[in-house]
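Okay, structure first, notes after.
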Amino acid sequence: MLPIIGALLPIVGKIIDKVIPDVAGREAAKMEIQLKLAEQEGELVKALIQSDIAQSEVNKTEAASDNIFKSGWRPAVGWICVTGLAWSVFLPVIAWFIKLAGVQIPELPILNGEILTSLTFGLLGLGGLRTYEKKSGVTK
């Protein structure tokens, strides 16, 4: 059961308890509402699945495109993340060598490694699928 539907049931139950005085009528109304909510939940799950399928088709079309602006945005974001992570990892070492050499430079910017890491890991999941697509012959 979806969390929102589970949260609605007690609220609706309290309203029914106050509106319908007959115990049998209350229980029948609660069962009817639960059945309707379960049907709506099923429709919502179907709609979410259809949305995922449609997005997958869009992703396949984008990946197969020869236009760099359609198929190249994921690799571009990947290279930006890799560059940012390399900067975050090697910056302390580079700064240490520069200070060791006695050279005065302005303070170098520090990037947020947590954001870069989560974005890179998300892209790695997509990148793995992209590699699979390429090996399967789905895309170039």
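Per the listing ALA64, ALA101, ALA28, the residue uniquely within 30 Å of GLY6 (Cα to Cα) and out of contact with any strand residue (DSSP E or B) (no Cβ under 7 Å at 6 or more places or on another chain) is ALA28. Taking (1) assigned to a helix (DSSP H, G or I); (2) closer than 30 Å to SER118 by Cα in turn, ASP66 satisfies each apart from (1).
Residue pairs whose Cβ atoms lie under 7 Å apart, separated by 6 or more positions or on different chains, with the first residue in the range 105-116 and touching a residue at least 12 places away in the same chain (Cβ under 8 Å) and the second of a type in the set (S, T, N, Q), are LEU111/SER88; GLY113/SER88; LEU116/SER88. Close Cβ contacts (under 7 Å, 6 or more residues apart or on different chains) running from residues in the range 34-63 that are over 28 Å from PRO10 (Cα atoms) to residues that are assigned to a helix (DSSP H, G or I) comprise GLU62/LYS70; GLU62/SER71; ALA63/SER71; ALA63/ARG130; ALA63/GLU133.
On the basis of being aliphatic (A, V, I, L, M) and more than 25 Å from LEU123 (Cα to Cα), does ILE53 make the cut?
Details: aliphatic (A, V, I, L, M): yes; more than 25 Å from LEU123 (Cα to Cα): no.
No; evaluated as a whole, the condition is false for this residue.
The numbers here are math on the coordinates, done by the rules we state, and not lab data. Everything quoted here is computed from the prediction, not taken from an experiment. Counting neighbours? That spans all protein chains shown, and the Cβs are built from the backbone with ideal geometry, glycine included.
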